[in-house]
Amino acid sequence: MNFKKSHIIIAIDGPSGTGKSTTAKIIAKDLNLTYLDTGAMYRAITFAALEEGITPDDKIGMDQLLKSTRIRFDEKNQILINGILREKEIRGKEVSQMVSPYSAIPEVRSVLTEWQREIGNEQSCILDGRDIGTVVFPNADFKFFLITDLKVRAQRRFLECQEKGIEMSLEDIEKNLTERDRIDSSRATAPLRKADDAVEIDTTQLSIQEQVKKIEDRVSVVA
Ligand code: DC
């Protein structure tokens, strides 16, 4: 790792539970980059919509919600929705089950994409998501696409939920990951897809340290 450019963007995409966010957080610290968890943004809008009782097909309701909802990250990268800490709520079962239908709404994607670009244009960032290398920053300096076997992903997510005190069974998690991947990959706007120039990394057999190293080894000189 030895980049000279003053501004860099690293895109990490892939299905749910492939270790994108854990990996990105460590790399952000190591390389002194801002970490942007774009999934948390989609989760936040989903939480706000569920709280207001706005369904994904309610176009007027969603437009108003997008205008009136203030989402920001605190210094610990935890999400605040209209000034209230909602980190735990956005990771829970209800939001996890509904986030993909809300994420498929073109207006939601357009507002969040714009915001992600604003942040990324202002500072060097590592972003994780589904469409970072294909849509949000197609000219990113480095693009990675993580894949992992479903059983391993479910087991990892299960342990993560247990650590955070979120109640979800292994079976529910596996079903949820499968369903989200299906919706995320098949939506018309910005589907989950590997960018042609992204480096694919299968993390099934890798520890977090190993996947971090694989990425950091590739983040080298950019004139
Ligand atoms: O990364 P995550 O599991 O927290 O993401 C939650 C959902 O958000 C995911 O199932 C689809 C959506 N998402 C998206 O559509 N585009 C992104 N760039 C990031 C997440």
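With the simple spin-label model, which puts each label point 7 Å out from Cα in the Cβ direction, the Asp74 to Lys151 separation comes to 4.0 nm. Between helix 106-122 and the chain there is an angle of about 40 degrees, using the helix long axis and the longest principal axis of the Cα atoms. The protection proxy used here, the mean number of other Cβ atoms lying within 10 Å of each residue, ranks peptides 209-217, 96-104 as follows, highest first: 96-104, 209-217. What GluC sites (Glu not before Pro) in region 24-82 are in a loop by DSSP, with at most 16 other Cβ atoms within 10 Å of the Cβ? Here the sparse-neighbourhood loop sites are Glu75. Annotation: average projected area of the chain is 11.6 square nanometres, based on the convex hull of Cα atoms across all directions. Residue exposure proxy: Thr189, Thr113, Thr148, Thr23, ordered by other Cβ atoms within 10 angstrom of their Cβ from fewest to most, comes out as Thr189, Thr113, Thr148, Thr23. Here Lys25 is the anchor, and the lysines within straight C-alpha reach of less than 27 Å, apart from those fewer than 8 places off in the same chain, are Lys4, Lys5, Lys76, Lys88, Lys93, Lys143, Lys151, Lys164, Lys175, Lys194, Lys213, Lys214. Scaled against 2.2 N^0.38 Å for its residue count N, the alpha carbon radius of gyration of region 83-138 is 1.28.
From least to most packed, judged by other beta carbons within 10 angstrom and beginning with the fewest, Arg117, Arg130 follow the order Arg117, Arg130. Between Ser207, Ser124, Ser16, the GNM of the chain built on Cα springs shorter than 10 angstrom shows Ser207 fluctuating the most. Given in Å, the Rg to one decimal and the Dmax to the nearest whole number for the Cα atoms of region 151-208 are 13.8, 38.
The spacing between region 181-214 and region 119-154, judged by their C-alpha centroids, is 8 Å.
Restricting everything to alpha-carbon atoms, can you work out Rg to Rh for region 1-133 with a Kirkwood hydrodynamic radius? Provide the component values of the computation, followed by the final result.
On the way: Rg = 15.0 Å, Rh = 15.4 Å.
Result: Rg/Rh = 0.97.
Within the straight-line cut-off of under 12 Å between alpha carbons, the aspartates and glutamates reachable from Lys67 are Glu107, sequence neighbours fewer than 8 places apart in one chain being disregarded.
Give me the Kirkwood hydrodynamic radius of region 110-212, using the inverse of the mean 1/r over all pairs of distinct Cα atoms, in Å to one decimal.
The Cα-based Kirkwood calculation yields 15.4 Å.
Throughout, read-outs are computed from the coordinates displayed, never taken from laboratory work. No experiment lies behind these values; they were computed from the predicted model shown. With ideal geometry, Cβ positions are generated from the backbone for all residues, glycine too; neighbour counts draw on all protein chains shown.
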